[in-house]
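Can you read through this structure? Questions will come right after.
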Amino acid sequence: MMHDAHFHTDEYAFLDFLAQQLIQGIVNASSPQEYLRLSAWLKQLKGIRISAGIHPWDSDRVSWEEMRVILEQVQIIGEIGLDNVWCEVDPLKQYEIFERQLAYASKHHKPVILHLKGMEKEALPLLRKYQNKYFVHWYSCDAYLDEYIALDCYFSIGPSVYKDRAVQQVAKSVPLDRLLLESDGISALSWCENRHVQMSEYLALMKRSVAYIEALKGHMNMETQLNQNLMHFISYAENT
């Protein structure tokens, strides 16, 4: 059984597709409005959980006061983080919102999904300050990987694994029981493939990622292992 540890969608049809395929996963809500929409859709579907948090790209427009109400309703916080590559939001504002969410998650024992791009080094002191169970989504940095492994983070392997050397290094280096699989959503698959990806292609592309991870790790039955890892991560949330 396939899983998708982290993805975004604004289409009910994609959630329905995942449910029909019995795919477990975590869908991201980055605003109160998105959370309410996803919650309404998922009342009729099984297997998908919602994470919620203020994305660094949105840290200057999504209100902490509004989002905190949503954080109280979810078991997993994220994706949250820091970004100076694809984001023009003032870094000080990003830090402020990131630390508020880390402090909240640590206090309430809610695991966190991290978005880190270009500021992997800068995030480490905050993660050490706010001890928690962390899941780094689509890590693609050549540096600091050992420091994140030392924090016992989970790492999701993004769909660029077949062509991105940095993502391949993550798959090779991270302990087997800390690896996860993600699509980041159909739009991310399209970005990765540099073309429009149809929903009907989703399973084949995800299975391609699993095959690359198997080859890199020299481990068979990788799909089963990855699924077990996601269930272990989710158990941290459900036992709090």
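Coordinate-derived values only; no laboratory data. The structure presented is a predicted model; accordingly, all values stated were derived computationally and were not measured. All Cβ positions, even for glycine, are placed from backbone atoms using ideal geometry, and neighbour counts span all protein chains on display.
Would you calculate a helix-derived [θ] at 222 nm for the chain, using -39,500 (n - 2.57) for each DSSP H run of n ≥ 4 and dividing by the full residue count, to the nearest 500?
-14000 deg cm²/dmol
Under a cut-off of 18 Å between alpha-carbon atoms, report the aspartates and glutamates in cross-link reach of residue 93, not counting same-chain residues fewer than 8 places apart.
Leaving aside aspartates and glutamates fewer than 8 places away in the same chain, those within reach of residue 93 are 58, 60, 65, 66, 79, 83, 120, 122.
Further question on the same structure: P(r) tail for the range 3-238, what percent of Cα pairs lie past 28 Å?
More than 28 Å apart: 25 percent of the Cα pairs in the range 3-238.
Something else: Return the percentage of antiparallel bridges among DSSP beta bridges fully within the range 75-165, rounded to the nearest 5 %.
Percent antiparallel among DSSP bridges in the range 75-165 is about 0.
Testing the spin-label approximation: label points 7 Å from Cα along Cα→Cβ at residue 198 and residue 122. State their distance in nm.
4.3 nm
On a full-extension model of 0.36 nm per residue, what is the gain between residue 228 and residue 93, subtracting their alpha-carbon distance, rounded to one decimal in nm?
44.9 nm
Enumerate by residue number the trypsin sites (Lys or Arg not before Pro) in the range 135-240 meeting two conditions: DSSP loop (anything except H, G, I, E, B), and at most 14 other Cβ atoms within 10 Å of the site's Cβ.
163, 195
Mind grabbing the base-10 log of I(q)/I(0) for the range 1-126 at q = 0.10, 0.14, 0.22 Å⁻¹? Debye formula, identical points on the C-alpha positions, no solvent, two decimal places.
-0.31, -0.60, -1.24
Right, another one. What distance in nm lies between label points placed 7 Å from Cα along the C-beta direction at residue 21 and residue 205?
Each label point lies 7 Å from its Cα, and together they span 1.0 nm.
Test of understanding: what is the full-extension gain from residue 152 to residue 165, defined as 0.36 nm times their sequence separation minus their Cα-Cα distance?
Additional length available on full extension: 2.5 nm.
Report the paramagnetic label zone for residue 103: residues of the range 57-88 whose backbone N is under 15 Å from a point 7 Å from Cα along the Cα-to-Cβ axis.
So the set is 64-65, 68.
Excluding residue 89 itself, what net charge comes from residues whose Cβ is under 11 Å from its Cβ, given Lys and Arg +1 and Asp and Glu -1?
After counting each charged neighbour, the total is -4.
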